[in-house]
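Inspection log for the structure reproduced underneath, given as structure tokens.
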Amino acid sequence: MEHVPTFITVNGRKVSIKHILERDAVAHDSFEDHTFAFIRRWFSTDNTFTLQTSGSTGTPKKITVTRDQMIASATMTQEALGLRKGFRALVCLDTRYVAGQMMLVRCFVTQMEIYATTPVANPLQNHPDFDFVALVPYQVTAVLASSPHTFPATAICIVGGAPLDPATIKALQPLSTTFYATYGMTETLSHIALRKLNGKDVSTNFNVLPGIKIEADSRQCLVIDAPYLTEQIITNDIVEILDQDTFRWLGRYDHVINSGGVKIMPEEVEDVVGDFFSELHYPERYFIAGEPDERLGEKVVLFVEGHIFSNEDQKTLSEKLRKSLPAYAIPKEVIVLDTFETTQTGKINRLRSVQNIDKTLQKFTLKK
């Protein structure tokens, strides 16, 4: 049963739950306002909550979920990660969305202490002492770049929203903090599977939480059957089912590029690009997408944010990619955009970014 705490710590100050519920607590910014509003709703008589999906299972839409469903999801995470009463939980994701809201629910269910802080690139700079935190990739990257020592040795960190690039995963290996990549979406009320990112049992595969059943449909996309949901969730994520509890994520069905009859997974090409971008100190924001081509139908294009490539850069990148990718997967062009479009939750919006071709700073063909 969820617990009503006496207070929470918000941006460094203690705020009484009683004052929040009675609307006497003063919010200092929009994050605090949304956090207080969710707490009031949670401890009211409301039994349903409306969430905005991001499009993992199709067109973005609003869905209605119940209090019991959210509690069931939180309990599964508690059991999988060993969360317990007295843990200090750092809540530094937007509480307008499911990831931030479920962090609060997990705290109420497990009686963890809440330390909420307005989301920034490096939320650990003022809150280095915690036992459990959920971060998105750009936050992990920012902490590693400026102060990796602020990750507590005994803490648990779950990372969701988008895949971590290979260079960032490599940088996690020396740390004693336990890191997990999460797989989930709004429709599943946060994650239904975890992948260990560092430590002795590091893995490239996701293990589902207890009680979750999985299968693949005719497109090889993941189908999820969770005991707390009323119907199966059919995703657009292409996976390889390894056994009843384990799968490997391959990429998005709606991102697949059909080039000359060959189907190419952009995410697999991005993994190779990421290794070289890290090695060559190129930008961290890039993606692979298909663009129309008269001969191939679609061609593979590498989109990069805000980095002008010198002739030498172009030559080096071309040499490395040609040595590491099959001919059909080598990007036919590199397009540098001024900035990428992002979703409300900070993910790169590939479609809208590609459409902003007027923001192109540079375009070139990889040299043979």
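The values are calculated or read from the model by the stated rules, or taken from the named source; none is laboratory data. This structure is a prediction, so every number in the text was calculated from the model and none was measured. Please note: Cβ atoms are built from the backbone with ideal geometry, for glycine as well, and neighbour counts cover all protein chains shown. Calculation scope for accessible area: heavy atoms of the full protein, side chains included, ligands and nucleic acids excluded. Shrake-Rupley method; radii C 1.70, N 1.55, O 1.52, S 1.80 Å.
Annotations for the structure displayed:
- For the range 244-284, the tally of residues that are open to solvent by less than 40 Å² (accessible area, probe 1.4 Å), under 19 Å from Ile234 (Cα atoms) and of a type in the set (D, E, K, R) stands at 1.
- Pair list, Cβ under 8 Å, 6 or more apart: the range 27-45 residue touching a residue at least 60 places away in the same chain (Cβ under 8 Å) and farther than 11 Å from Thr117 by Cα, other residue among the acidic types (Asp, Glu) and surrounded by 16 or more Cβ atoms within 10 Å (Cβ to Cβ): His34/Asp94; Trp42/Glu2
- The set of residues in the range 200-210 being assigned to a loop (DSSP other than H, G, I, E, B) and either in contact (Cβ under 8 Å) with a residue 40 or more places away in the chain or out of contact with any strand residue (DSSP E or B) (no Cβ under 6 Å at 6 or more places or on another chain) (or both) consists of Lys200, Asp201, Thr204, Asn205, Leu209, Pro210.
- The single condition among (1) within 19 Å of the chain's Cα centre (by Cα); (2) at pLDDT below 90; (3) not hydrophobic (A, V, I, L, M, F, W, C) that Thr235 does not satisfy is (2).
- The numbered conditions (1) among the acidic types (Asp, Glu); (2) open to solvent by 80 Å² or more (accessible area, probe 1.4 Å); (3) in contact (Cβ under 8 Å) with a residue 24 or more places away in the chain are all true for Asp24 except (3).
- Within the range 174-190, the set of residues being aliphatic (A, V, I, L, M) and within 13 Å of Ala134 (Cα to Cα) comprises Ala181 only.
- Residue tally, condition part of a helix (DSSP H, G or I), over 21 Å from the mean Cα position of the chain (by Cα) and among the basic types (Lys, Arg), over the range 65-109: 1
- Among the residues of the range 156-186, the ones that are within 9 Å of the chain's Cα centre (by Cα), within 24 Å of His281 (Cβ to Cβ) and among the β-branched types (Val, Ile, Thr) come to 1 in all.
- Count of the range 326-353 residues, restricted to those that are among the acidic types (Asp, Glu) and part of a strand (DSSP E or B), is 1.
- Conditions (1) assigned to a helix (DSSP H, G or I); (2) open to solvent by less than 50 Å² (accessible area, probe 1.4 Å): number failed by Lys323: (2)
- Scope the range 5-21; condition open to solvent by 10 Å² or more (accessible area, probe 1.4 Å) and part of a strand (DSSP E or B); matching residues: Phe7, Thr9, Arg13, Lys14, Val15, Ser16
- Cβ pairs under 6 Å, 6+ apart, first in the range 159-173 and of a type outside the set (Gly, Ala, Ser), second open to solvent by 30 Å² or more (accessible area, probe 1.4 Å): Pro166/Asp271; Pro166/Asp275
- Yes/no for Thr343 being open to solvent by 30 Å² or more (accessible area, probe 1.4 Å) and without any contact (Cβ under 8 Å) to a residue 60 or more places away in the chain: no
- Residues in the range 211-234 that are assigned to a loop (DSSP other than H, G, I, E, B), aliphatic (A, V, I, L, M) and more than 15 Å from Asp245 (Cβ to Cβ): Leu229 only.
- Only listed residue being at pLDDT 95 or above and either open to solvent by 10 Å² or more (accessible area, probe 1.4 Å) or under 16 Å from the mean Cα position of the chain (by Cα) (or both), chosen from His127, His34: His34
- Pick from the range 296-316, criterion of a type in the set (Asp, Glu) and surrounded by 16 or more Cβ atoms within 10 Å (Cβ to Cβ), ranking: farthest from Glu270 (Cα to Cα): Glu298
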